[in-house]
Every structure is written in structure tokens, then in C-alpha cells.
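The numbers here are math on the coordinates, done by the rules we state, and not lab data. As the structure is a computational prediction, the values presented were derived from the model and not from experiment. Every residue, glycine as well, gets a Cβ built from its backbone with ideal geometry; the counts of neighbours run over all protein chains shown.
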């Protein structure tokens with residue numbers, strides 16, 4: 001596999017508030033009894049954070065260049081999900097990865113098999129197909145997701161006790177700006193750094209009203 005989104009990964013490393021938000025979700029869900037799997041570890045932006053906290057972590061990354069970078073950083077790297085033993089992980093997290101995979105349902109089924117019976121999958125994907133833009137196509141996104149679509153995929157893949165919510169509400173406007181005006185990725189990262197705290201406040205208030 002050759003990943004097409006290197007520039008996207010480099011750009012999003014600059015989105016410090018956004019990355020801190022995602023890292024916080026992972027750390028909150030992290031388990032102590034056994035390893036955590038980072039499915040689609042990329043450049044190690046989130047894996048490095050867990051390693052610094054002494055959390056046992058395995059990184060699944062099929063791209064040769066990215067896998068080597070992870071190995072050089074001292075991470076335990078797996079190149080293919082077929083090499084993962086079943087019922088191994090208490091937590092699997094996958095952030096902005098599933099949209100790059102054509103066979104997303106088959107992938108979710110495989111991840112379900114890799115989890116322990118009481119394990120957790122933390123899945124983060126881009127929302128709203130209407131926002132699909134040239135940037136999505138350029139970095140190899142097959143799709144964006146709706147809440148009902150994600151629930152259906154998870155249920156068909158064997159997951160239960162499913163909890164789904166939208167996040168980064170202000171990111172919707174950044175995506176619209178990009179789609180309408182084709183602004184540069186670096187400006188999107190800057191927008192994320194500025195809007196993320198306010199976005200989380202809006203998200204929190206919206207959840208309380210559900």
C-alpha cells in the first residue's frame with residue numbers, strides 16, 4: 001500500500017488544539033490490561049503521545065514509508081491486520097483512517113475480531129458527504145460519513161453498545177470554506193487551532209440538549 005495523504009498528515013500535525021482534543025479522547029479510553037492498537041498510525045502523531053505515557057501500544061500501518069518512520073521512533077509496528085491475533089486488544093482507535101479504505105465494512109469486521117469481548121473501538125471519521133471536496137479526493141478519501149451510516153456499518157460488523165456523536169462543530173464551516181474557495185491546507189490547520197476550543201464548547205452544549 002502507498003499512502004497518498006503525506007501532505008495531509010504533515011499539515012494536520014500543525015493543528016495542535018485539534019490533535020490535543022483527539023489525544024484526550026484516546027487517553028480517556030485507554031486500557032491498562034493489555035496493548036492498545038492504533039489502526040492507521042500514520043506519522044505517529046497520536047502514538048507518540050501514548051508512548052510518552054507508557055501505554056502499551058501497537059501501531060498498524062501498511063504504508064512502507066510511514067511504517068519505517070514509526071519503527072525508527074521505537075514503536076511496535078504491524079503491517080497488515082491479518083497478522084493480528086483475534087481478541088487481543090481492549091482498545092482500538094482509528095482517527096481519520098476509515099474514509100481511506102474502500103472496503104470499510106470488511107475492515108470494521110476485522111477490527112471487531114481483534115477486540116477482546118468487552119473491548120472498545122474509538123472511531124473518528126469526517127462527516128457529511130455534502131462536504132466532500134477536491135481535498136478529500138486528493139488525499140484518497142472514498143467518502144464522508146453520516147451518523148446513521150456509521151451506526152449501520154458498526155451493527156453489521158458485530159458491534160453493540162454503540163455511541164455516536166458529531167464533534168468539532170465549527171469544523172463544518174472550515175470545510176465549507178475550503179470547498180467553496182479551495183483555500184490552502186495550512187490555512188485550515190490555522191483555523192482548527194483557533195476554533196477548536198470554542199467548537200468543543202458548542203459540541204458540549206449540543207450534547208446536553210439531545
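Key figures
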{"item": "Sorted by Cβ density within 10 Å, fewest first, the residues 49, 155, 102", "result": "102, 155, 49"}
{"item": "Computed FRET value (nearest 0.05) for residue 161 with residue 82, which takes r as the C-beta separation and R₀ as 35 Å", "result": "0.85"}
{"item": "Prolate/oblate/rounded label for the range 1-88 (Cα gyration tensor, a/c 1.5)", "result": "oblate"}
{"item": "Tensor-based shape of the range 57-148 (alpha-carbon gyration tensor, a/c under 1.5 rounded, otherwise prolate or oblate)", "result": "oblate"}
{"item": "Residue order, fewest to most beta carbons within 10 Å, for 107, 88, 152", "result": "152, 88, 107"}
{"item": "Distant alpha-carbon pairs in the range 1-155 (separation over 29 angstrom), percent", "result": "11 percent"}
{"item": "Within the range 64-93, backbone nitrogen closer than 14 Å to the virtual label 7 Å beyond the Cα of residue 112 toward Cβ", "result": "87"}
